[in-house]
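Working notes, beginning with the structure itself.
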Amino acid sequence: MYAPEEIVEIAIKNGANKTKKTLIAKCLLGFIGGAMISLGYLAYIRVSAPIPSNFSGLGTLLGSAIFPIGLIVILLAGGELITGNMMAVTIAFYDHRISYQKLVGNWVLITITNMIGANFCCLLFWLLCWTDAY
């Protein structure tokens, strides 16, 4: 078990390390993060949509139980999500381990690659006709 001070130090080191990855690594991990979170949300929709409206609470409960699978896959695959970077990279910035340019550059790059990964999954589902949207 870590003390709170040790947890903060680990988060600071992780945030600084996130900015030291190569551009290709950041782009791939950001893409994976966006794709996996969109798959988690698509699973949420798939599970909760068929539930009748008079049992809407059950649909929300089941969908909410399925959505974290996307987050678990991101952790296992090592993907990057902007939400995690907002915390870890910012805390490294406040500890003066990284510059403002690296902070903003990381945020912008991971946000864009998350969006590209999520949109890729949407396009893939649309092209494979796994959705009723036209």
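Derivation of every value follows stated rules applied to the coordinates shown; laboratory data play no part. As the structure is a computational prediction, the values presented were derived from the model and not from experiment. So basically every Cβ, Gly included, is an ideal-geometry build from the backbone, and we count neighbours across all protein chains shown.
Worth pointing out:
- Counted as qualifying within segment 6-94 are the helices (runs of 4 or more DSSP H) with 2 or more residues that are surrounded by fewer than 16 Cβ atoms within 10 Å (Cβ to Cβ), without any contact (Cβ under 8 Å) to a residue 60 or more places away in the chain and among the β-branched types (Val, Ile, Thr), namely 23-48, 68-77.
- So Val108, is it out of contact with any Asp or Glu (no Cβ under 9 Å at 6 or more places or on another chain), of a type in the set (Val, Ile, Thr) and either without any contact (Cβ under 8 Å) to a residue 40 or more places away in the chain or surrounded by fewer than 16 Cβ atoms within 10 Å (Cβ to Cβ) (or both): yes
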